[in-house]
Every structure is written in C-alpha cells, then in structure tokens.
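Asker: There's a structure below that I have some questions on.
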Amino acid sequence: MNTQGLLAEIAEQLGHPVSDKLAVALREVPRHRFLPETVWVRDGQGGYRPIDRAADPGEWMAAAYEDQTLVTQFSDGLPSSSASMPSMVLRMLQLANVAPPGWTQQQPFKVVEFGTGTGFNAALLCALLGQGRVTTVELDPVLAEQGERNLEATGYAPAVVVGDAGKGWPDSAPYALVLSTFSVDQVPPAWLAQTIPGGRIVTPWTSSWCCYGTLALTISASGTAEGRFHDFASFMPMRPSIEETTPHGDHGQAAPILEVRSVTEVSPWAVAGGDLDAEFHLGLTVTGAFFSWDTTGEHVPVRLRVGDTTSTSWATVDFDGIHTTEFTVTQAGPRQLWTEIAVAYRTWESNGRPGVGRHGLTVHSDGGHTLWLDSPDHPLT
Ligand SMILES: C[S@@+](CC[C@H](N)C(=O)[O-])C[C@H]1O[C@@H](n2cnc3c(N)ncnc32)[C@H](O)[C@@H]1O
C-alpha cells in the first residue's frame, strides 16, 4: 500500500499540496480495506474491466492506491456504486470546509454523508471530525451493510442508516454539513431544512445534457442556500427510491405531432461536441433536454438527436456533409427544443462563454431554484 504515492497524485490533480489535516486523515484510513474482492476500472474503450483480488492481488492493491474511481457495483449494466476517485473526495472535503478554523471538537455540530457506498468517505469524515458527529445514509441495504462492516473492521462507528437521501435524514438533523456523493439536478428541500444557518451543502451536479460540476452552498439565516458551481466531478446520479421509480417524462402513446423544419447557424458540435463549459450551461438552463449522436449515415452524414425528459418534444439537427455554417433542424412537440438550445447557446456566448465556476445557484426554502452568473443579482432566466 502506498498512500504517499496517492497523496502525490492527488496533489498533482489539485494543483497544490494536500493540507496537513486531509493528509493525516488519508494516511489513517486504508482505502483497500473498503474495497470488495472485485472492482472495475475503465477499459479505455467505453467499457469496464474487472480487477480481481484473487486473480491478481498486486494489481488489485495497486488500484486501491491510484487516483481513480473503482466501480464496486453494477445495476442494469450501469455502474451504481463506486469508491470515488480520491482527488474528488478530497476536493469535496475541501469545499465542505470540514472543521474550518474556529470549529472545535467540543462544538455540537453534526454532518451527514449521503451515499455510504464502501464507507471510505464516511471513515475520512470520522477521522477528521470524530465519529460521534457522522451519519451516513445509503439507499441500497446490501451496500449499507457492507459499508458498515468495512467501517467497523477499520475501527470507525458512524451511524450507518438505510434511507433515501432525497428525504434527507431528519433523525439526527440539524447538520453543519450535508455531503452528497452522488449527483443531483435539483437540491432536495429536505437538505436545506436539515442544515443549520452557516452550514454547507456540497453535492456533485448533473443535468440530462451534461453530468459535470460540484455545487457548494451555504445556508443563510433565512433558510435559503446560495453558492457556486465548481469545475470538477462527474458522479453517478442519485437513485430514486423504489416507490418513486416511475419512467422519466411522458413517453406514453404520443398523439401525432406536427414537425417544423428550419435552418440553424448554431453548430450541433458547439452544443454537444464536448465543450464542457457550453454543455454545462445548456444543461442548467434547458432543463430536461438530452442528446445523442447518430453517425450511422442512415439519414444524413451526421445527425444530432435531442429529446426531452419532461415531454414528447424532440428535435434533430442535420449536417449534410457539405455545409458547416448551416444545419437543417426538424422539431416537434410542445417544446421547441432546438430553439431553446440555440437561444441558450447564444446567451452563453454573449456572456463571454462563462466557465462552470461563474455559475451559481440560490435555492429558496420552498424548493425554488434561481440560477445566476457571477453574482446572485445577475439571474439567468
Ligand atoms: C459514488 S457512490 C458513493 C461512494 C462512497 N461515498 C464511498 O466513499 O465509497 C454513490 C452511492 O450513493 C448511493 N445512492 C444513490 N442514490 C441514493 C439515494 N437516493 N439515497 C441514498 N443513497 C443513494 C448509491 O447506492 C451509491 O452507493
């Protein structure tokens, strides 16, 4: 095991040395003792390959101390739990400002982690704050039990509970810190209600357009939460609880809908070609929209398909293989999806192509979200 090597890799990712406090915690918590016998890593071809402890103990141990995400569970063919990338874990703990100057071990603050997974992050919280302060909530009972066993075996005993983090965990609230280790596209109102004024909510972000960014909010005396997005993290999304598992959006029997054709000068690659800043902005502002590329050449050389999780609306944007400044658009349904995307893209451009870190969010105590650019007095409509 080589925590020193891992610390060096993390420092490189962060762009600065790991703080003494976090380095001590990382040295104290042996990551390999939180991992199952088989973990999966990316295979470089869009899939995953297993690393099995019995088959290759050396590779398994080395993987535990590299700065990479290790998938620990798949559901329906997709990763559903993982040991998060250590540099991401530390970035989030930095954002959470865990135990900032002025807080003492004597102060009666509590923290909650949503998404126990392996228990590794909960152990770090215990090492940093003292285990009496830490509650960790996991939706999947099998994972919760395994996470609790890993914690016990390494000498940590936070409260591990099975529950749906969408409802928070009122039993041990209020918290000075809510730390989510899955991504959300809305901040559940329960998280605000269960956090004390001055407390922090830190969560990875996702949208149906783009899974990226981490949001760090501070609760005000009036119960609103405000803060900025930060330029890292792509985490698996929050799972709905079983009773809430209904299909997303209205994909039922759709009435025939009128298709409207037009021409756009906004390139499909500009909005969906990998520019994270643009895609992050579009995901925030055109809620529900998602995309896929059709490069089969069946209809036209390249087609961008856009759908909507909230309605039957759709759009296609076609590149004819020749014209690079004009593209044919077809759209249908209650939303003019491409029109919304093109307007949002032009807004992003006219604001100087803002990066993730210029975006912020105010969450009101009634659950309403107001997005802003640079400061809360510059709302994004
Ligand atoms: C990236 S993994 C967590 C990593 C973990 N913190 C660690 O240190 O290993 C995300 C976890 O969130 C859990 N999760 C997803 N949706 C949830 C929900 N609604 N309530 C509670 N846990 C949830 C998943 O089951 C998964 O174990």
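The values are calculated or read from the model by the stated rules, or taken from the named source; none is laboratory data. The structure presented is a predicted model; accordingly, all values stated were derived computationally and were not measured. When we count neighbours, we look across all protein chains shown, and the Cβ atoms used for this are built from the backbone with ideal geometry, even at glycine.
Asker: Looking only at region 106-139, how many residues end up being modelled with pLDDT under 95 and within 20 Å of the chain's Cα centre (by Cα)?
Answerer: Number of matching residues: 0.
Asker: What are the residues in region 348-370 that are surrounded by fewer than 16 Cβ atoms within 10 Å (Cβ to Cβ) and outside any loop (DSSP other than H, G, I, E, B), if any?
Answerer: GLU349, SER350, GLY357, HIS369, THR370
Asker: Here's something else I'd like to know. Mind telling me which of the residues ARG49, ARG31, ARG53, ARG42 ends up being among the basic types (Lys, Arg) and surrounded by 21 or more Cβ atoms within 10 Å (Cβ to Cβ)?
Answerer: ARG31
Asker: With respect to ARG53, is the statement that it is touching a residue at least 60 places away in the same chain (Cβ under 8 Å), under 20 Å from ALA153 (Cα atoms) and touching a Ser or Thr at 6+ places or on another chain (Cβ under 8 Å) true?
Answerer: It is false that ARG53 is touching a residue at least 60 places away in the same chain (Cβ under 8 Å), under 20 Å from ALA153 (Cα atoms) and touching a Ser or Thr at 6+ places or on another chain (Cβ under 8 Å).
Asker: Hey, among the residues in region 197-224 that are in contact with a Lys or Arg (Cβ under 9 Å, 6 or more places away or on another chain) and of a type in the set (A, V, I, L, M), which one's farthest from TRP372 (Cα to Cα)?
Answerer: Restricting to residues being in contact with a Lys or Arg (Cβ under 9 Å, 6 or more places away or on another chain) and of a type in the set (A, V, I, L, M), the top hit is ILE219.
Asker: Please work out if THR312 is out of contact with any Asp or Glu (no Cβ under 8 Å at 6 or more places or on another chain), touching a residue at least 40 places away in the same chain (Cβ under 8 Å) and of a type in the set (Ser, Thr, Tyr).
Answerer: Against the criterion (out of contact with any Asp or Glu (no Cβ under 8 Å at 6 or more places or on another chain), touching a residue at least 40 places away in the same chain (Cβ under 8 Å) and of a type in the set (Ser, Thr, Tyr)), THR312 does not qualify.
Matching residues to (1) free of Cβ contacts under 8 Å to residues at least 40 places away in the same chain; (2) more than 8 Å from the ligand (Cβ to nearest atom); (3) out of contact with any strand residue (DSSP E or B) (no Cβ under 9 Å at 6 or more places or on another chain):
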site: GLY115; (1), (2), (3): no, no, no
site: GLU148; (1), (2), (3): yes, yes, no
site: THR154; (1), (2), (3): no, yes, yes
site: ALA165; (1), (2), (3): no, no, no
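Asker: Okay, next question. Anything in region 24-50 that is more than 14 Å from the ligand (Cβ to nearest atom) and either in contact (Cβ under 8 Å) with a residue 12 or more places away in the chain or basic (Lys, Arg) (or both)? List them, or say none.
Answerer: VAL24, ARG27, GLU28, GLU37, THR38, VAL41, ARG42, TYR48, ARG49, PRO50, listed by residue number.
Asker: Which condition from (1) touching a helix residue (DSSP H, G or I) at 6+ places or on another chain (Cβ under 8 Å); (2) more than 13 Å from the ligand (Cβ to nearest atom) is the one that ALA123 breaks?
Answerer: The one condition ALA123 does not meet is (2).
Asker: Then there's this: Could you tell me whether VAL98 is within 13 Å of the ligand (Cβ to nearest atom) and either buried (at least 20 other Cβ atoms within 10 Å of the Cβ) or of a type outside the set (D, E, K, R) (or both)?
Answerer: It is false that VAL98 is within 13 Å of the ligand (Cβ to nearest atom) and either buried (at least 20 other Cβ atoms within 10 Å of the Cβ) or of a type outside the set (D, E, K, R) (or both).
Asker: Which condition breaks for TYR175 when tested against (1) surrounded by fewer than 23 Cβ atoms within 10 Å (Cβ to Cβ); (2) away from the ligand (no atom under 14 Å from the Cβ)?
Answerer: Here TYR175 meets the rest and fails (1).
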